[in-house]
Amino acid sequence: MFENLSERLSGVFDRLTKQGALSDEDVKTALREVRVALLEADVSLPVARDFVAKVQEQATGQAVTKSVTPGQQVVKIVHDALIDVLKGDSDPGKLKIDNPPAPILMVGLQGSGKTTTTAKLAKRLKERDGKRVLMASLDTNRPAAMEQLAILGNQIGVDTLPIVKGEDPVQIAKRAKTQASLGGYDVYMLDTAGRLHIDAELIAQAAAVRDVANPRETLLVVDGLTGQDAVNVATEFDDKIGVTGVVLTRMDGDGRGGAALSMRAVTGKPIRFVGLGEKMDAIETFEPDRIAGRILG
Ligand code: GDP
């Protein structure tokens, strides 16, 4: 997911560590290259700038450059700074699902992977946490999307709310709540309609559903391949609807990955999960250490 960034950085760090003695100027030159690599990975400019400034502050001066292994020290400082910029929730994978039935609202643009992610999370809740989950599609504009959720539900052995023609999303959300209570479910997941762009209708609909469901978690699904756009989408959704976390999908692709680095710094919202493929098990919690390790190779 960070192949290009990772390759660029390892080039910079190889040169640094091979050099032996380092001057402050050597470190500055290397960090300039780090900044370019971050920008090329589509990390937002202020985040890249702050990142490099922070590393520079710690990596220049006697203690590092005069140490026995200056290059390695710089790499360590970059590693820690990466973890810092990636850090969000202490336990990103833990969903707030006490007090059953707990509603989880899934929002995002069409094609972001929202329905797939809904099913992946439902499977995870069922298998890891032993929860009874009910999924409901609220995408009344696209019957195929409602069908898709039902098919995925069948595949993973998770119930979906029966489709009733003619209902609006708020009515479906209410029915999901009743069904979840009567049926003894621990969690019910509401897969809202997506559109290609954020528009007033999409937001109004998601807000109306939010108001009746009072979700314990509102997870925004965004396509990780879209770089800074993903961050912009998250900012807008959070402003208008309020989200409790982000799921970055398609992180298995050879995208530039910058969204992962900018997301929390720009939106203040943690990345909770990453999607790593189309299969129902292709989801992981977002672990800063692991991601920093992947970036630094
Ligand atoms: P929605 O319109 O937001 O509900 O999007 P879908 O869930 O229908 O997903 C759109 C397409 O993206 C489907 O073909 C999914 O299999 C695929 N997809 C979803 N998440 C991922 C992911 O993490 N990685 C990859 N490679 N494909 C994904």
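Annotations for the structure displayed:
- Under the Karplus curve 6.51 cos²θ - 1.76 cosθ + 1.60, θ = phi - 60°, whole-Hz ³J(HN,Hα) for region 156-169, x wherever Gly or Pro sits: 9, x, 10, 5, 10, 5, x, 7, 10, 5, x, 7, 9, x
- Bridges between two residues of the chain, per DSSP, are antiparallel at a rate of about 10%.
- Amide H contacts of Thr160: Met135, each under 5 Å away and 5 or more positions distant or on a separate chain (H built 1.01 Å from N in the peptide plane; Pro and chain starts excluded).
- Charge-dipole axis of the chain as Lys and Arg at +1 and Asp and Glu at -1 on Cβ define it, positive-most pick from Ile77, Val158, Ile241: Val158
- Length added when fully stretched, Asp129-Gln19, from 0.36 nm per residue minus Cα-Cα: 34.6 nm
- Measuring between their Cα centroids, region 60-106 and region 219-297 lie 14 Å from each other.
- Here the Gaussian network model covers the chain, with springs between Cα atoms less than 10 Å apart; of Leu190, Leu45, Leu105, Leu45 fluctuates the most.
- Using alpha-carbon coordinates, inclination of helix 45-59 to the longest axis of the chain, degrees: 40 degrees
- Where region 201-297 is the region considered: accessible area per residue in Å², 1.4 Å probe: 39 Å²
- At an R0 of 45 angstrom, the distance between the Cβ atoms of Glu147 and Ser10 translates into a FRET efficiency of 0.50.
- Length-normalised contact order for the chain - Cα pairs under 8 Å, 6+ apart - percent: 25 percent
- Taken along the Cα-to-beta-carbon direction at a fixed 7 Å, the label points for Gln62 and Arg32 span 2.7 nm.
- Annotated for region 1-152: lysine pairs at least 8 residues apart or interchain, Cα distance under 17 Å, count 21.
- If R0 equals 41 Å, the separation of the Cβ atoms of Ile83 and Asn214 corresponds to a calculated FRET efficiency of about 0.75.
- Mean separation of Cα pairs under 8 Å and 6 or more residues apart, divided by the residue count, gives region 103-191 a relative contact order of 43 percent.
- Ranking Ser44, Ser90, Ser23 by solvent-accessible area of protein heavy atoms (1.4 Å probe, all protein chains present), from largest to smallest, gives Ser90, Ser23, Ser44.
- Rounded tilt (10° steps) of 228-240 against the dominant C-alpha axis of the chain: 50 degrees
- Accessible surface of the chain, 1.4 Å probe, proportion on carbon and sulfur as whole %: 48 percent
- Simple spin-label estimate for Glu201 and Lys96 in nanometres, 7 Å along Cα-Cβ: 3.2 nm
- Surface accessible to a 1.4 Å probe, per residue, for the residues of region 100-143, Å²: 33 Å²
- For region 1-97, the set of trypsin sites (Lys or Arg not before Pro) satisfying both a DSSP loop assignment and a count of at most 13 other C-beta atoms within 10 Å is given as Lys66, Lys94, Lys96.
- FRET efficiency, 1/(1 + (r/R0)^6) with R0 25 Å, evaluated for Lys240 and Ala53 via beta carbons: 0.20
- MRE, 222 nm, helices only [DSSP H, n ≥ 4, -39500 (n - 2.57), over the chain, to nearest 500]: -17000 deg cm²/dmol
The values are calculated or read from the model by the stated rules, or taken from the named source; none is laboratory data. This structure is a prediction, so every number in the text was calculated from the model and none was measured. We place every Cβ from the backbone using ideal geometry, glycine too, and count neighbours over all the protein chains shown. Accessible surface areas use protein heavy atoms only, side chains included; no ligands, DNA or RNA. Shrake-Rupley method; radii C 1.70, N 1.55, O 1.52, S 1.80 Å.
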